[in-house]
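Q: The structure that follows is given in the form of structure tokens.
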Amino acid sequence: TRTRMAAPGAWARCQASALGHGLLGARLLSRATPRGRNLFELLARLPLHGVGAKVFRKPWRRHGYADSYWVVRRVRLDEAGTRGKAWGALVWQGRRMEAFTEIRSASKREWRYEALEAQGEVAGPAQA
């Protein structure tokens, strides 16, 4: 038996047609931000690409690990700011676990940030 193959580019034309007619596009564009941001999208919006920021995953807070976070030390982003690599130090339940390593699970869409560090201190109101 012979299988019939579609003409080159047929799939792309089908997808473009569906998007152009609003079959897929309207539904996708109508949702503002259905999911959270991945780590790189978050860091791209922060000053200095988030170097010095304390970032954490949302499930950590939900499961009671409020004093667990990564301190971002180095970031390399693509031009769009949606992918890349980030390195930092992990603090898990108040104890520093790793000195300086690549941040894991960076592509998951559940990242938040706490604050930026300023010269080794957490930025915040001055204490008298």
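No value in this document is a laboratory result; all are computed from the given coordinates. Not measured: the values here are computed from a predicted model. Note that we place each Cβ from the backbone using ideal geometry, even for glycine, and neighbour counts take in every protein chain shown.
Q: Return the residues of the range 75-97 that are exposed (fewer than 14 other Cβ atoms within 10 Å of the Cβ) and assigned to a loop (DSSP other than H, G, I, E, B); say none if nothing qualifies.
A: 78, 79, 80, 82, 93, 94, 97
Q: I'd like the residue in the range 54-72 that is under 16 Å from the mean Cα position of the chain (by Cα) and surrounded by fewer than 17 Cβ atoms within 10 Å (Cβ to Cβ) and, out of all such residues, is farthest from residue 43 (Cα to Cα).
A: Checked the range 54-72; the qualifying residue farthest from residue 43 (Cα to Cα) is 59.
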